[in-house]
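Below is one structure; the comments refer to it alone.
The values are calculated or read from the model by the stated rules, or taken from the named source; none is laboratory data. This is a predicted model, so every value here is computed, not measured. Cβ placement follows ideal geometry from the backbone for every residue including glycine, while neighbour counts extend to all protein chains displayed. When the accessible area is computed, the model is the full protein with side chains, heavy atoms only, and any ligands, DNA or RNA have been set aside. Shrake-Rupley method; radii C 1.70, N 1.55, O 1.52, S 1.80 Å.
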Amino acid sequence: MGRWRLVIHGGCGAMRLTAEEEAAGLAGLNGALDAGQAVLRPGGTALDAVEAAARQLEDHPAFNAGRGSVLNAEGRIELDAAIMDGRTRAAGAVAGLRTVRSPITAARAVMERSPHVLLSFDGAEEFAREQGLETVDPGWFEIPERRAMLSKVLDAGGAFDADVKYGTIGAVAVDVHGHVAAATSTGGLTAKRWGRIGDSPLIGAGTYADDRAAAISATGSGEYFIRAAAGHELTARMRMLGEDLQTALDAVLADIAELGGKGGLIAVSPQGEAAWGFTTAGMYRGRADAEGRQVAVHGF
Ligand code: ASP
């Protein structure tokens, strides 16, 4: 039996948070670690663990995923998510959901109950309904802080909140059987154009898992993570250059910085290594294994 490990993030950015906001975010991370380790500790799969952790973070309003998601330029919610199983490289993703309570569970349904990898907008909504997934009124996702943030961004000319805060959530895990999995869920960027799809639901960009190398989840300026093919690049560096997990992760973030993007990554390997990194002031993040846990927002 190998060692299990779980790493999660709740987005990165300037992280200028009030004490209450910071405490709420850290509590959210702890709840997600609880949910994920309850799966992994008794020998459950990495796939189940990342879904369980992501669902907790989606429901927590401190993060930009599920409830608490940011609003697009029209003041509406459009949710993206992806999940991937490193054992088989099976993957599922959704984009532009408006009423499905847990986008990560919808992504898993696409993976397991359809022949496709990515469903979007009305097609994804209809599929989720057919699968009997829980739906909510779009208003359920909205919290007043995100509406205020949208007004601020629109007043400033509609520029993305690139330097403010990315609150996407993600989870990566390795289970005692040595399999890895990744999950990412997001509301995207404040004031995004409707129909915009970021890196999170794109397999190989913001989400990737491959038992031959690593599982990753990203947060940050999604367009740059797409252009860098961040997730696939990280695992390719490990497989083809023989880089270790942290070296490959740092190299991908450096490449994205060179393009002009910023953000963060979390990763685990089938050997039980864990790594994270970010090029913003902070990142909500946490890790847990049999020896204990750590949650943080600032520093490294
Ligand atoms: N990467 C996400 C996106 O571009 C945003 C985030 O990390 O909060 O949709």
So, in nm, how far is label ALA27 from label HIS116 when the simple model puts each one 7 Å beyond its Cα toward the Cβ?
3.9 nm
So how compact is the stretch 78-129: Cα radius of gyration and Dmax in angstrom?
9.8, 31
How far, in nm, would the chain grow between GLU273 and ARG89 when pulled straight, counting 0.36 nm per residue and subtracting the alpha carbon separation?
64.3 nm
How large, in percent, is the carbon and sulfur part of the accessible surface of the stretch 131-248 at a probe radius of 1.4 Å?
54 percent
Computed over the chain, the Cα gyration tensor eigenvalues, each multiplied by 5 and square-rooted, give semi-axes in Å (largest first) of 26, 21, 18
For the pair ARG41 and MET240, the simple spin-label estimate (label points 7 Å beyond Cα toward Cβ) gives in nm 4.1 nm
Note: probe point = Cα of THR135 + 7 Å toward Cβ; backbone nitrogen < 16 Å; residues of the stretch 64-87 passing the test are 77-79
Please identify the helices of the chain, taking whole runs of DSSP H, that span at least 30 Å along their own axis as judged from the Cα atoms and have a mean Kyte-Doolittle score of 0.0 or higher.
19-40
So what is the relative contact order for the stretch 23-151, in percent, with contacts set as C-alpha pairs under 8 Å and at least six apart?
21 percent
Based solely on its DSSP helices, what 222 nm [θ] is calculated for the chain when runs of n ≥ 4 H residues each add -39,500 (n - 2.57) and the sum is averaged over all residues, nearest 500 deg cm²/dmol?
-10000 deg cm²/dmol
Quick one: compute the contact order of the stretch 121-253, relative version, from alpha carbon pairs under 8 angstrom and 6+ residues apart, as a percent.
17 percent
Just to confirm a number: summing +1 for Lys and Arg and -1 for Asp and Glu over residues other than ASP48 whose beta-carbon lies under 13 angstrom from that of ASP48, what do you get?
0
Run the quick spin-label model on THR18 and ASP34: label points 7 Å from Cα toward the beta carbon, then report their separation in nm to one decimal.
2.4 nm
Ignoring ligands, DNA and RNA, what accessible area per residue does the chain give at 1.4 Å, in Å²?
38 Å²
Roughly to the nearest percent, how much of the accessible area of the stretch 1-124 is carbon and sulfur, given a 1.4 Å probe?
48 percent
Where the only charges are on Cβ atoms (+1 Lys, Arg; -1 Asp, Glu), what is the dipole of the chain about its Cα centre, to the nearest 20 debye?
80 debye
DSSP loop chymotrypsin sites (Phe, Trp or Tyr not before Pro) in the stretch 94-199 with at most 12 other Cβ atoms within 10 Å of their Cβ, which ones?
TRP194
Starting from the amide H of ALA90, placed 1.01 Å from N in the peptide plane, find each other amide H under 5 Å away whose residue is 5 or more places distant or on another chain.
ASP85
Starting from the amide H of GLY282, placed 1.01 Å from N in the peptide plane, find each other amide H under 5 Å away whose residue is 5 or more places distant or on another chain.
GLY13
Taking amide H atoms as placed 1.01 Å from N in the peptide plane, list the residues 5 or more away in sequence, or in a different chain, whose amide H sits under 5 Å from that of ALA181.
GLY86, ALA173
What's the extension gain from GLN294 to HIS177 if we count 0.36 nm per residue and subtract their Cα-Cα distance?
39.8 nm
Using unit Cβ charges (K, R positive; D, E negative) and no other charged atoms, how large, in debye to the nearest 20, is the dipole of the stretch 121-247 about its Cα centre?
380 debye
Other residues with Cβ under 14 Å from the Cβ of ARG227 give, with Lys and Arg +1 and Asp and Glu -1, a net charge of -4
Mean separation of Cα contacts under 8 Å, 6 or more apart, over the residue count of the chain: relative contact order %
26 percent
Could you please state, rounded to a whole Å, how far the C-alpha centre of the stretch 35-67 is from the C-alpha centre of the stretch 203-280?
21 Å
Summed over the other residues with a beta carbon less than 15 angstrom from that of ILE216, with K and R at +1 and D and E at -1, the charge totals -3
If you stretched the chain out fully between MET1 and LEU154, how much longer would it get, using 0.36 nm times the residue separation minus the C-alpha to C-alpha distance?
49.8 nm
